[in-house]
Amino acid sequence: MNIVVCVKHVPDSTADRHFEDDLTVDRVGVDGLLSELDEYAVEQALQLKEKAGDDTTVTALCVGPEKAVDAVRKALQMGVDKGVLVSDEAIAGSDYIATSLVLAKAVEKIGAESRVDLVMCGMASTDAAGSVVPAMLAERLGLPQVTMASVVEAQGDQVRIKRDGDAATEVVGATMPLVMSVTDQSGEARYPSFKGIMAAKKKPMATYSLADLGVDPGQVGLSVAWTVVEDATARPPRSAGEIVKDEDGSGATALTEFLAAKKFI
Amino acid sequence: MSEVLVLVDHVDGAVKKPTYELLTIAARLGEPSAVYIGGAEKADAVAGAVSRYGAQKVYVVDDAEIKGYLVAPKAEALQQLVERTSPAAVLLPSSLEGKEVAARLAIKIESGLITDAVDVRAGDGGPVTTQSVFAGSYSVTAKVTRGTPIITVKPNSAAPEEAEGAATVEPVTVTVSDAAKGAQIVASQPRQASGRPELTEAAIVVSGGRGTGGDFQGVEGLADALGAAVGASRAAVDSGWKPHTFQVGQTGKTVSPQLYVANGISGAIQHRAGMQTSKTIVAVNKDDEAPIFELVDFGVVGDLHAVLPAATEQINARK
C-alpha cells in the first residue's frame, strides 16, 4: 500500500495565538508543532502498515512555511518512511480551497510512480478547526471519503470504519483509493522512541515548490483567496464572576438564587 | 430578491431545530428556500414544518437512490440546484455532514466557503459572517469573495423566528454520478433517545468531569431539573464514564448555550474550546484554583456531590 498522511504545523494552542496585520494567523512568531489531532492519523497509518506487514510506504505530507518541517520531522520520528514539505512564499494566507489544491497536487506527484491508495488526515486542525480539507481533497482527487473514523479496518483494498455520525453510530465501507480522516478516539498516538528519533535523521525528505507541483502561484495565497477576513478582535476576557465557598449547604442555596435571578428556573 | 438555499437538517423527515435557525438567517439575506434531501413520502410534513419559519419554496430531492451513501451525492444534488437557482447564498448546518457537503460543493461550484459561523448578516456585496476562533479567544468577521457564498452555521446562532412561508413543494430530479457512491453506510445504530435535549442544540448544558469520579447522578439530576442536556469533559470520556458523543471540547461538540454548568471540570483549553462562547457560565469545583473559575459568571467552591443534589432539590421545590 502507498499511504500519504497529511500533517499540519500549527501554532501551539497553549501559546498566545494571534493574527498578523494582514489578518492571517501568525505562524512564524509563535511556537509551532505538529497538530495534535494529526498524530492520530499518523498512528493509524503506521498501524495499517504494521498489520499489512508488507512493503507499505507511509509518506508524511505537509504544506506550510519552512519551519513547518518540524511537523514532518515529528511524523518521521514516530515511524513514517518519507517526508514531503511543500513550501512556497506564494502559499501564505491560503484558505481551505487553495490548501486543498496544493495538497491534491502533491498527492498526485507522490503517486506518480505508484498509486496512492490511502490519504489520511486528522479530524481537524487545532488552529482553523474547519474539518473540511479532507472532503475537499477527496473532491479534488475524485475519490470517496470516509471521515471521522474512530475504528479503522483494512482488508486488501477494502476499508471499513466506524464513526459517531450526527444521528447514529455508523459503519462505512469503501474501496481504495480513498481519503480518510480519523478522530482522537481511534487510539493513543505513539511517542517517538530514541531509535525512531535517530532513524528519522536518515529518512528521505523532499521539499517541493509550487513549480515542482505545476501549480500556478496565481491560484493560491491570500490575495486570491475566495474568502476574506475583514476583522479579527480579541474577545474581551470574561470578567471574573462571583465565587462563593460552600459551607453547610450555602453553595447550593446561592447557586439556586443565581439561577433564579437569571430566570433559568 | 434572490433565493437563499438552506439544506434541511433532519432525521428521517423529522426536521431539526438548526434548520429553523438557518431559515431565520436566510431571511436576512434573501428569500429562504429549503432543500430537503430525503424520503419523498415525508416531503409534505417537511414542507409543513419549514413553512412556519418562512420557507417560500421546498426543493425535494428524493433520496431513494442515494440513501446510505456519504456526503458526495448530496453535494452533487446541491450543485445542480445552485446552477438552476443562482442563489444569493447556500446555508448548511455546521454538523459533520453539513460541513463535508459544503466542502465538496465549494470545490464543485468554485465558491468560497466559511465554516462554523456564529452569526451571519447582510452586508454590501454579500453576507458577512462572524466566527469564534482560537478556543473562543478571538472573534473574526469574514465574507466570501468568489462565487456563491457557502456558509455553515453553528447551532444556537440565531433564535428561530416564526414567519409564514408559502413552502411550495418542487420535486427536483438530480443525476448522481457513480463516483459519488464510493462510500456506503453498511451498518447504522441510531443514537438512543435520552429524553433530554440534544447537546449542541440545548439552551442549557450541565456537564461533568474528572471531579465526578464517574458518578453522574448529581449532574444528571440537575440537568433534568433545568431541562438541560448532559455533557462531559474529555477526562470523563477517556475514563469511560460517558460515551464520546457526550464530549464537550475541541475534539467533541462545541456548544454555545444560554447557560453552561461545569461540574468537577478543571477548564483545560481543550474543554474551553468547546464551551467558552456560552452566554452564562457556572462552575462547581472543589479546587478554588481551577482555571474554570476564570471564566465563570458564578462559581461554587465545594463538593459537587453535596452541592448538586441540594441545588436540584431547591430548584424542583421552586417549580
Exercise. What is the residue count in the range B:220-250 for residues that are buried (at least 23 other Cβ atoms within 10 Å of the Cβ), in contact with a helix residue (DSSP H, G or I) (Cβ under 7 Å, 6 or more places away or on another chain), within 12 Å of chain A (Cβ to nearest Cβ) and free of Cβ contacts under 8 Å to residues at least 60 places away in the same chain?
Worked result: 3
Seminar exercise, completed: Restricted to the range A:209-265 and to residues being at the interface with another protein chain (Cβ under 7 Å from one of its Cβ atoms), farther than 30 Å from A:E66 by Cβ and of a type in the set (D, E), the residue surrounded by the most Cβ atoms within 10 Å (Cβ to Cβ) is A:D246
For this session: Go through the range A:29-44 and count every residue that is in a helix (DSSP H, G or I) and touching a helix residue (DSSP H, G or I) at 6+ places or on another chain (Cβ under 7 Å).
Result: 1
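Residues that are polar (S, T, N, Q) and more than 22 Å from the chain's Cα centre (by Cα): find the helices (runs of 4 or more DSSP H) completely inside the range B:223-319 holding 3 or more of those.
Working: elements: B:234-238, B:269-275, B:304-318.
Correct list: B:304-318.
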Seminar exercise, completed: If we ask which residues in the range B:265-293 are touching a residue at least 24 places away in the same chain (Cβ under 8 Å), open to solvent by 10 Å² or more (accessible area, probe 1.4 Å) and either facing chain A (nearest Cβ under 7 Å) or polar (S, T, N, Q) (or both), their number turns out to be 7
For this session: Report yes if some residue within the range B:174-189 is more than 11 Å from every other protein chain (Cβ to nearest Cβ) and open to solvent by less than 20 Å² (accessible area, probe 1.4 Å); otherwise report no.
Result: no
Exercise. What are the residues in the range A:65-117 that are assigned to a loop (DSSP other than H, G, I, E, B), farther than 19 Å from A:L178 by Cα and open to solvent by 60 Å² or more (accessible area, probe 1.4 Å), if any?
Worked result: A:A92
Seminar exercise, completed: Looking across the range B:134-144 at residues that are open to solvent by 30 Å² or more (accessible area, probe 1.4 Å) and modelled with pLDDT under 95, the single one that is farthest from B:E83 (Cα to Cα) is B:S137
Exercise. What's the number of the condition A:E39 fails, among (1) under 16 Å from the mean Cα position of the chain (by Cα); (2) modelled with pLDDT under 95?
Worked result: (2)
Exercise. Out of (1) over 16 Å from A:L259 (Cβ atoms); (2) surrounded by 21 or more Cβ atoms within 10 Å (Cβ to Cβ); (3) more than 11 Å from chain A (Cβ to nearest Cβ), what's the single condition that is false for B:A262?
Worked result: (1)
Exercise. Is it the case that some residue within the range B:109-124 is polar (S, T, N, Q) and open to solvent by 50 Å² or more (accessible area, probe 1.4 Å)?
Worked result: no
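Regarding A:V58, is this residue of a type in the set (A, V, I, L, M, F, W, C), open to solvent by less than 30 Å² (accessible area, probe 1.4 Å) and assigned to a loop (DSSP other than H, G, I, E, B)? First the steps, then the outcome.
Values: of a type in the set (A, V, I, L, M, F, W, C): yes; open to solvent by less than 30 Å² (accessible area, probe 1.4 Å): yes; assigned to a loop (DSSP other than H, G, I, E, B): no.
No.
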Exercise. Within the set of pairs 6+ apart or on separate chains, which have a first residue in the range A:15-30 that is at negative phi and of a type in the set (G, A, S), a second that is outside any strand (DSSP E or B) and open to solvent by 60 Å² or more (accessible area, probe 1.4 Å), and C-beta atoms under 9 Å apart?
Worked result: A:A15/A:D31; A:G29/A:E20
For this session: Evaluate the following for B:P257: is it more than 7 Å from chain A (Cβ to nearest Cβ) and within 17 Å of B:V230 (Cβ to Cβ)?
Result: yes
For this session: Only residues that are at the interface with chain B (Cβ under 7 Å from one of its Cβ atoms), open to solvent by 30 Å² or more (accessible area, probe 1.4 Å) and small (G, A, S): list them for the range A:130-176, please.
Result: A:G142, A:A167
For this session: Assess whether B:V120 counts as being under 30 Å from A:A174 (Cα atoms) and either in contact with a Gly (Cβ under 6 Å, 6 or more places away or on another chain) or away from every other protein chain (no Cβ under 11 Å) (or both).
Result: no
Exercise. Which residues, taken from the range B:145-173, are among the hydrophobic types (A, V, I, L, M, F, W, C) and either open to solvent by 30 Å² or more (accessible area, probe 1.4 Å) or within 14 Å of another protein chain (Cβ to nearest Cβ) (or both)?
Worked result: B:I150, B:I151, B:V153, B:A159, B:A163, B:A166, B:V169
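The values are calculated or read from the model by the stated rules, or taken from the named source; none is laboratory data. Just so it is clear, the structure is predicted and the values come from calculations on it, not from any experiment. Here Cβ is always computed from backbone atoms with ideal geometry, including for glycine, and neighbour counts include all displayed protein chains. Note: areas computed on protein heavy atoms with side chains; ligands, DNA, RNA excluded. Shrake-Rupley method; radii C 1.70, N 1.55, O 1.52, S 1.80 Å.
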